[in-house]
1. Lys115: in contact (Cβ under 8 Å) with a residue 24 or more places away in the chain, part of a helix (DSSP H, G or I) and not aliphatic (A, V, I, L, M), yes or no?
2. Out of curiosity, is Lys172 surrounded by fewer than 19 Cβ atoms within 10 Å (Cβ to Cβ) and modelled with pLDDT of 95 or more?
3. Scan the stretch 23-60 for residues that are more than 21 Å from Gly130 (Cβ to Cβ) and not aliphatic (A, V, I, L, M) and report the count.
4. With more than 26 Å from Met270 (Cβ to Cβ), of a type in the set (A, V, I, L, M, F, W, C), within 19 Å of the chain's Cα centre (by Cα) and open to solvent by less than 70 Å² (accessible area, probe 1.4 Å) as the only criterion, which of Leu107, Leu81 stands out?
5. Test of understanding: among Asn40, Asn22, which residue is farther than 25 Å from Phe151 by Cβ and either under 20 Å from the mean Cα position of the chain (by Cα) or of a type in the set (Phe, Trp, Tyr) (or both)?
6. Which condition breaks for Ile265 when tested against (1) aliphatic (A, V, I, L, M); (2) over 20 Å from Ile47 (Cβ atoms); (3) surrounded by 18 or more Cβ atoms within 10 Å (Cβ to Cβ)?
7. How many residues are under 14 Å from the mean Cα position of the chain (by Cα) and open to solvent by less than 10 Å² (accessible area, probe 1.4 Å) when one looks only at the stretch 212-227?
Amino acid sequence: MSFGFKLKFGIMQGRLSPMIQNKIQSFPKKNWKNEFKLANKLGLSFIEWTLDYKDLSKNPIFLKDDVNYIKKLCKTHSIKLRSLTGDCFMQKPFWKEKFNSKLIDDLKKIVIASKNIGIKYIIVPLVDNGGLNNKSQENKLVKICSNLKNFLKKNKVKLLFESDFEPIRLKKFIQRFDNDAYGINYDLGNSAGMGYDLNSEFKNYGKYIDNIHIKDRVLNGTTVRLGKGNANFDNLFFNLKKYKYKKILIFQTARAKNNKDVEEIKINIMFIKKYLNKFYD
């Protein structure tokens, strides 16, 4: 979706499918194929793939026949895959596990699989169970990831960190990495929920942002429909224009009741259109 503007929009995989066991986000193994057609009908251009650690090896991106079918679906419905959210890393953080060689091997397999279907960005969530609780964990993460720098560059894939650090700390953190292989995934809702100043965030690390999750959250609370929480959309689009952001924005909005997620996404798209008209007329 571009609406004739420079910005490009997509949706988080699973948001166009019924929730599985009341989980807000998980790989929609029974419905993932249908989401391509639905995303196209909504005018979206991208789907952000999701990976869970459970049944990781059975995910379609690792299966040759499914990979070919994914490419066919992309072509048929004019949908591109450019980013992947690794919930698997949050579920099994390789920077926290004592015996982590298998987890690091899994990361490498994910990088190769991503390359094979055109994914450029792999998001590593450093929140919730994946949060960095001390400097030791941070140093361990930096060491492991930095050792993969040449491997990532060879496969033309970047790791993007999604963090709950306040702006200055996140700036210092991302500066420990080579920005040709590492960057930031900015989650609007999470930042709003923690009360961070959006202008300060973009001032400190805006140039490192390679992917954005569109979400709204109440301060210290839950995810809500766009416009119902504390996210400052005027400041967001002001900064997107100021810093000439031309990469992708992914709808990772609140789930609807009674599995009416497609209708909910339509409401959120109309909400965003108002700001596109205001800032990119």
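1. Yes, satisfied.
2. Values: surrounded by fewer than 19 Cβ atoms within 10 Å (Cβ to Cβ): yes; modelled with pLDDT of 95 or more: yes.
Judged against the criteria, Lys172 is a match.
3. 17
4. Within the list Leu107, Leu81, the selection yields Leu107.
5. When all the criteria are applied, what remains is Asn40.
6. Ile265 satisfies every listed condition except (2).
7. Going through the stretch 212-227 one residue at a time, the tally reaches 3.
Residue-by-condition table, conditions (1) surrounded by fewer than 21 Cβ atoms within 10 Å (Cβ to Cβ); (2) of a type in the set (D, E, K, R); (3) part of a loop (DSSP other than H, G, I, E, B):
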| site | (1), (2), (3) |
| --- | --- |
| Gln25 | yes, no, yes |
| Trp32 | no, no, yes |
| Ala39 | no, no, no |
| Trp49 | no, no, no |
| Ser57 | yes, no, no |
| Cys88 | no, no, no |
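The values are calculated or read from the model by the stated rules, or taken from the named source; none is laboratory data. Quick caveat, the model's predicted, so the values are computed rather than measured. No Cβ is skipped: glycine too gets one built from the backbone with ideal geometry, and neighbour counts run over all protein chains shown. Please note that ligands, DNA and RNA were not included when accessible areas were found on the heavy atoms of the full protein model with its side chains. Shrake-Rupley method; radii C 1.70, N 1.55, O 1.52, S 1.80 Å.
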